[in-house]
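Derivation of every value follows stated rules applied to the coordinates shown; laboratory data play no part. Because the structure is predicted, anything quoted here is derived from the model rather than measured. All Cβ positions, glycine included, derive from the backbone under ideal geometry; neighbour counts span all protein chains shown.
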Amino acid sequence: MAQPIIEIKGITRDFPLGNEIVYVLKGIDLHINKGEYVALMGPSGSGKSTLMNILGCLDTPTAGSYVLNGKDVSKMEDDELAEIRNKEIGFVFQTFNLMPRTTALDNVALPMIYAGHGKEDRNKRATTVLTQVGLADRMDHKPNQLSGGQRQRVAVARALVNHPSIILADEPTGNLDSKTSVEIMNLFDEIHANGNTVILVTHEEEIARHAHRIIRLKDGIIESDNPNR
Ligand SMILES: Nc1ncnc2c1ncn2[C@@H]1O[C@H](COP(=O)(O)OP(=O)(O)OP(=O)(O)O)[C@@H](O)[C@H]1O
Ligand SMILES: [Mg+2]
C-alpha cells in the first residue's frame with residue numbers, strides 16, 4: 001500500500017518586507033508517497049525554492065500543516081526541526097554548498113557528526129556513499145580540486161549519508177553543462193531505483209522527464225500535478 005511521506009494541507013508562506021507583506025505560497029495541498037520521483041517546475045519567482053525549503057525543514061509555513069513521515073513538523077521549534085532535518089532530509093543545492101577547505105570524505109561525513117556517530121562509523125559510511133556516487137578515487141580531494149559534476153556528486157553523497165527518507169534537490173543541474181547534467185540525473189535515477197523518495201526542482205523539461213510525476217507551480221499555487229508519461 002502507498003505510504004504517505006509528505007502530507008501538506010493549506011500551506012501559505014508570506015514574508016514581511018518593510019511595511020508590506022509578500023505573499024509567496026498561497027495555499028498548497030500536496031501528498032507525496034514513499035518512493036515517488038517528483039519534479040517541481042514553474043516560472044522564476046513562482047515559489048519553488050520557498051516550498052522546497054519548507055519541505056526540507058529549513059523553513060516553516062506561515063499557516064497550514066505539514067506532516068513529514070508521520071510527524072507534524074509545521075509548528076516545531078528550530079532545534080527540533082534541525083534534528084528532523086538531519087535525520088529525514090538530504091538536501092542538494094544548485095551551488096553544491098560544500099565546505100571549501102575540507103576533503104570530500106569529511107564533507108560527506110559532516111552530517112554524521114551532528115547525528116552523533118563516531119569517527120570510524122563516519123569514515124566507513126562516507127567511503128561507502130562516495131564509492132556509490134563514483135568518487136572512490138577522489139575522497140581526499142578538496143572542492144577546488146574537483147570538477148563541477150564531481151562537486152555535485154560529493155553533495156549528493158552528503159545528502160545520502162544519514163539514510164534520509166527524502167532527497168530534495170533545488171536545481172541540482174543548474175550550474176552544470178548538459179553532459180554532466182545527464183550524469184547527475186542518472187545518479188538521481190539510481191537513488192530513486194534504490195527505493196528513495198526524490199523531489200527535484202528544475203527549469204528544464206528534459207531534466208523533469210526523469211521524474212514520474214510533474215508538479216507545476218504558478219504564483220504560489222499548484223497549477224498542475226500529473227504523472228509523467
Ligand atoms: N525572505 C524573503 N523575503 C521576501 N520575499 C521573498 C523571500 N524569499 C522569497 N521571496 C519572494 O518569493 C518569491 C518566490 O521566490 P522563490 O525563491 O521561491 O522562487 P523560485 O520559484 O524558486 O524562483 P527561481 O526559479 O528563480 O529559483 C519571489 O518573488 C521572491 O522575491
Ligand atoms: Mg528557486
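Given Lys119/Lys142; Lys48/Lys75; Lys26/Lys179; Lys9/Lys87; Lys48/Lys142; Lys48/Lys124, which pairs have Cα atoms separated by over 29 Å? Correct reply: Lys26/Lys179; Lys48/Lys142; Lys48/Lys124. Projection of the Cα convex hull of segment 131-170, averaged over all directions and equal to a quarter of that hull's surface, yields 3.2 nm².
Taking 37 °C and 0.692 mPa s as conditions, the chain diffuses translationally at an estimated 182 µm²/s according to Stokes-Einstein applied to its Kirkwood radius (Cα pairs). Need one word for segment 90-134: rounded, prolate or oblate. Basis is the Cα gyration tensor (sqrt eigenvalues a ≥ b ≥ c); a/c below 1.5 gives rounded, then a/b vs b/c decides. In terms of gyration-tensor shape, prolate. Taking the Cα centroid of segment 161-228 and of segment 32-111, what is the distance between the two, rounded to the nearest whole Å? The distance from the Cα centre of segment 161-228 to that of segment 32-111 comes to 14 Å. Beta bridges per DSSP, both residues in the chain: antiparallel share near 60 percent. Residue ranges 170-181, 154-165 sort as 154-165, 170-181 when ordered by packing (mean number of other C-beta atoms within 10 Å per residue, highest first).
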